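Trainee: Supplied in structure tokens, the structure appears directly below.
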Amino acid sequence: MGDRVKGGKSRHPHLVVEVAHPKIIHESGAQILRHANLLSLRVTMATHPDGFRLEGPLAAAHGTGPRTVLYEGPVRGLCPFAPRNSNTMAAAALAAPSLGFDGVTGVLVADLSLTDMHVVDVELSGHPGPTGRSFAVHTHRENPAEPGAVTGSATVTAFWRSLLACCQLPSRPGIHLC
């Protein structure tokens, strides 16, 4: 799926219909998402309070119970005060330009029960269809982490495997930086 058609003209779809084979989504999913018209995207990151490295007004935020919402609002407002704890939220805002940093909701939760993991929930929905119902997707990720760690222990391995996979793409072997 390209942004250019014959003659070099740019095209910007008004409608994206995804009923594709997983291979198509693997190859073009990011490009499809750039044109998707999402209604909402919410990313919640929960971990033990010792796993946060907060700055500014959030640095003084303390839990008032076993599970406390420290921040809920636009990702743009969170990133400057939680730069080491908001990367997944920032990536979601970049991947969904129809919402961006002001339209994606970020939620930071201090949870005393999460002593050895970070939990990330991503919820997205589209506009209602003819029946009035919307599509919705919810993912839940649990990343093992040492107590007090900002980065989960599986993150480095996942990053390294992604790099290795890029190096083995038959269409474009190697790593290409833009």
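Trainee: Collect residues whose amide H, placed 1.01 Å from N in the peptide plane, falls under 5 Å from the amide H of residue 71; neighbours closer than 5 in sequence don't count.
Mentor: Here 108 satisfy the definition.
Trainee: What residues qualify as long-range amide H neighbours of residue 134, i.e. H under 5 Å apart, gap of 5 or more or another chain, H built at 1.01 Å from N?
Mentor: Residues meeting the criterion, in which the H sits 1.01 Å from N, are 129.
Trainee: Further question: Using the Karplus equation 6.51 cos²θ - 1.76 cosθ + 1.60 (θ = phi - 60°), what ³J(HN,Hα) coupling, rounded to whole Hz, does each residue of the range 83-95 give in order, writing x for Gly and Pro?
Mentor: x, 9, 10, 10, 5, 5, 5, 5, 4, 5, 5, 5, 6
Trainee: How high is the relative contact order of the range 42-144? Use alpha-carbon pairs under 8 Å, at least six apart in sequence, and give a whole percent. Please report the intermediate quantities before stating the final value.
Mentor: On the way: 198 pairs, mean separation 37.7, N = 103.
Value for the range 42-144: 37 percent.
Values in this text are rule-based calculations from the coordinates and carry no lab data. On a predicted model such as this, the values are computed, not experimentally measured, just so you know.
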